[in-house]
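Take a look at the structure below.
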Amino acid sequence: MSRKVVRTSKFRHVFGQAVKADQCYDDIRISQMTWDSNFCSVNPKFVAMIVDASGGGAFMVLPLSKTGRIDMSYPTVCGHTGPVLDIEFCPHNDNIIASGSEDCSVMIWEIPEGGLTSPLTDPVVKLEGHSKRVGILSWCLQK
């Protein structure tokens, strides 16, 4: 007497539903640089993604409310001479983001309140002097 046993799982009857196209980000050229870091960073106001750019590194900062198809001419943050390897939002200020690049520099940027309306090329602070490319960023708290 053989009895068929069904494996029990709390996810057995859970089904997902795909998000509609107007609630996604579409047509963004994500960078092809391979590195051990994330290609995006998110905070309560913005989402930032490293994108392919000729002549240096760039990343795109979008307000969370801007979804759908993103035009290729959308403004980017571009100030590095090498590809951007990592980006990280400041945990204390939602409008501040840091970027690390293959050009051995870290740049701190201030994003305008409503998001970018034109390309951002001048950082608030440029940290130079690294002997190797900057591939991983992290904000730390100091007491």
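Numbers below:
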| read-out | value |
| --- | --- |
| Index of the failed condition, V51 passing every other in (1) open to solvent by less than 40 Å² (accessible area, probe 1.4 Å); (2) modelled with pLDDT under 90 | (2) |
| Selection count, region 92-117, where residues are closer than 16 Å to F46 by Cβ, assigned to a loop (DSSP other than H, G, I, E, B) and small (G, A, S) | 2 |
| Given (1) at pLDDT 85 or above; (2) closer than 24 Å to K132 by Cβ; (3) not basic (K, R), index of the condition N43 fails | (2) |
| Failed condition for S101, given (1) polar (S, T, N, Q); (2) open to solvent by less than 90 Å² (accessible area, probe 1.4 Å); (3) over 17 Å from the mean Cα position of the chain (by Cα) | (3) |
| Verdict on I108 being open to solvent by less than 10 Å² (accessible area, probe 1.4 Å) and within 21 Å of W139 (Cα to Cα) | no |
| Sole exception among (1) open to solvent by less than 80 Å² (accessible area, probe 1.4 Å); (2) of a type in the set (G, A, S); (3) not in a strand (DSSP E or B) for A58, by number | (3) |
| Residue list for region 61-88, filter: within 17 Å of P112 (Cα to Cα) and open to solvent by 10 Å² or more (accessible area, probe 1.4 Å) | P63, L64, S65, K66, Y74, P75, T76, C78, G79, E88 |
| Test for S138: is it among the hydroxyl-bearing types (S, T, Y), farther than 22 Å from R29 by Cα and without any contact (Cβ under 8 Å) to a residue 40 or more places away in the chain | no |
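The values are calculated or read from the model by the stated rules, or taken from the named source; none is laboratory data. Nothing here was measured: the structure is a model prediction, and the numbers come from that model. No Cβ is skipped: glycine too gets one built from the backbone with ideal geometry, and neighbour counts run over all protein chains shown. Surface accessibility is based on the protein's heavy atoms, side chains included, excluding ligands, DNA and RNA. Shrake-Rupley method; radii C 1.70, N 1.55, O 1.52, S 1.80 Å.
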